[in-house]
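Okay, structure first, notes after.
The values are calculated or read from the model by the stated rules, or taken from the named source; none is laboratory data. Since the structure is predicted, the reported quantities are computational estimates derived from the model, not experimental observations. In this analysis, Cβ positions are derived from the backbone assuming ideal geometry, glycine residues included, and neighbour counts consider all displayed protein chains. For the accessible areas, the whole protein counts, side chains as well, though only heavy atoms, and no ligand, DNA or RNA atoms are used. Shrake-Rupley method; radii C 1.70, N 1.55, O 1.52, S 1.80 Å.
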Amino acid sequence: MSARLHLTRLTGAASIQDGGRRGYLRFGLSASGPMDPLAHAAANVLVGNAPDAAALELGLAGAGLRIEGGAARLALAGAPSGLRLDGEPVAAHRSFILREGSELTVERPREGVFATLAVSGGFTVRSVMGSRALHQRAALGGLDGRALREGDRLPLTAFATGEAETCLDAIALEREAPIRIVLGPQDDHFSQAGLATFLGRAFTVSNRADRMGYQLDGPEIAHGPAGFNIVSDATVTGSVQVPGSGRPIVLLADRQTTGGYPKIATVISADLRRIAQRRPGETVQFEAVDLATATRLAREQAARIAALSARLRPVESEAERLMAANLAGAAVDALRAED
């Protein structure tokens, strides 16, 4: 029997995601992929996978997991979640081995929304149109074209060696930082007062938020004389549409590929993870940057992901940590200071 990861408990949303399904926008199919690409890459690199390998994405979810038919190296990154292996706490942003007979518990995140759990070797679910990422509305990818459910058993390549466990510095969610945008392409459909509202006022994530997009609550953004209808044209991940209600909608990984509402701005790619990690009720403030800045920040994030493997370091045992701290020497020094 091939190894499988058994999802014994699930409270919240979960799906299999990889780097995304590219090249099908002309057919009306968006790429999907991780809501937090940096966390997704970090979890994969920690277990020796390619940064865009298929992994388990948890959205405001807790889970219980067991492995059947082998052992595998796992790592969790993203929204801070309590993690326990057979009841003992395990830190996030580090790798560990889950063996047959053991149980892993992932608690709902204390803050943020999305966490990625990667497994060495990745999942061997069927690739559809070049990707294993679930696009739920199109029923493509994932496990049989659907989100995960309690009781699912996910096929994987069992891989656990005697290699040292590794860790990375925790990745900040940056939940208080402004969301940087490039204005347009239809910012001319808004009045000056509307633009000032968009850039100068705070919004909150509404309960109408999922992988397709986040609708924001807050002050109404006023359209100009041209109104709120346009001939439908292309959207991108990060497009900020403003329908007749004046409430902005930020389109995300599973977005529709065209839309007939004017787009006041586009969230820069480097900040998509920032807004994805905001919960309903949390604040969003927009900040305009130019295209050159957006391009530079996109390249910096790509370089950061490419450098993750070089930043891996071995996990120190408790004994090694205490030896490095030289606690005995510090105690002696303290006594001498009192003389």
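A few points about this structure:
- Computed label-point distance, nm, for sites R149 and E174 using a 7 Å Cα→Cβ extension: 3.8
- Gyration tensor verdict on the stretch 118-194 (Cα atoms; rounded if a/c is under 1.5, prolate if a/b is larger than b/c, oblate otherwise): oblate
- The charge dipole of the chain, taken about its Cα centre with unit charges on the Cβ atoms of Lys, Arg (+1), Asp and Glu (-1) only, comes to about 1080 debye.
- Charge dipole (debye, nearest 20) of the stretch 1-71; +1 at Cβ of Lys and Arg, -1 at Cβ of Asp and Glu: 180
- Extension reserve of the E100-R296 stretch, reckoned as 0.36 nm per residue once the Cα distance is removed: 66.0 nm
- Converting phi to 3J(HN,Hα) with the Karplus coefficients 6.51, -1.76 and 1.60 and the offset θ = phi - 60°, the stretch 203-211 yields 10, 10, 5, 7, 6, 8, 9, 8, 5 Hz in sequence order, with x at every glycine or proline.
- Annotation: V231 carries an accessible surface of approximately 130 Å², with a 1.4 Å probe and no ligand, DNA or RNA atoms counted.
- Fully extended contour minus Cα-Cα distance, from A306 to R201, at 0.36 nm per residue: 34.2 nm
- Rolling a 1.4 Å probe over the protein heavy atoms leaves T11 with an accessible area of roughly 60 Å².
- In the chain, the DSSP-assigned H stretches of four residues or longer account for a calculated mean residue ellipticity at 222 nm of -5000 deg cm²/dmol, using -39500 (n - 2.57) per stretch and the full residue count as denominator.
- For the stretch 61-182, size of Cβ-based charge dipole, Lys and Arg +1, Asp and Glu -1, in debye: 500
- The separation of the stretch 159-210 from the stretch 18-65, counted between C-alpha centres, amounts to 17 Å.
- Hull volume per residue, based on the alpha-carbon atoms of the chain and their convex hull, is 163 Å³.
- Cβ-defined net charge surrounding R66, 14 Å radius [Lys, Arg +1; Asp, Glu -1]: -1
- Taking the charge dipole of the chain about its Cα centre, with +1 at Lys and Arg Cβ atoms and -1 at Asp and Glu Cβ atoms, the residue from P34, A115, V125 reaching farthest to the positive side is V125.
- Remark on M212: its backbone amide H falls under 5 Å from those of D254, a criterion applied only to residues 5 or more positions apart or on other chains, H modelled at 1.01 Å from N.
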